[in-house]
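Student: My structure is below; once you've seen it, I'll send some questions.
Rule-based calculations on the coordinates, nothing more; no lab input. What you see is a predicted model, and the numbers here were worked out from it, not measured in a lab. Counting neighbours? That spans all protein chains shown, and the Cβs are built from the backbone with ideal geometry, glycine included.
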Amino acid sequence: MESDNKKLLFEYVTDETGKVYGNVSLFRGSALRTTFTEKNDLVEVSLNGKSVY
């Protein structure tokens, strides 16, 4: 990663969704978020708030 890149890891648990974890990476003025939901095996990837996968 370049020196100006930032990364935030997160993890939380709710009754509705179960365990959810992932990260948000900031690079070159863009934000990439990856989220994993264990209860329903869902993976979400978004770039600047728009779903890409």
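Student: Which residue out of Ser46, Ser25, Ser30 is of a type in the set (Gly, Ala, Ser) and exposed (fewer than 13 other Cβ atoms within 10 Å of the Cβ)?
Tutor: Every option except Ser30 fails the conditions.
Conditions tested, residue by residue: (1) under 11 Å from the mean Cα position of the chain (by Cα); (2) of a type in the set (A, V, I, L, M); (3) part of a strand (DSSP E or B).
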site: Leu8; (1), (2), (3): yes, yes, yes
site: Glu11; (1), (2), (3): yes, no, yes
site: Glu16; (1), (2), (3): no, no, no
site: Lys19; (1), (2), (3): no, no, yes
site: Gly22; (1), (2), (3): yes, no, yes
site: Ser25; (1), (2), (3): yes, no, yes
site: Leu32; (1), (2), (3): yes, yes, yes
site: Val43; (1), (2), (3): yes, yes, yes
site: Ser46; (1), (2), (3): yes, no, yes
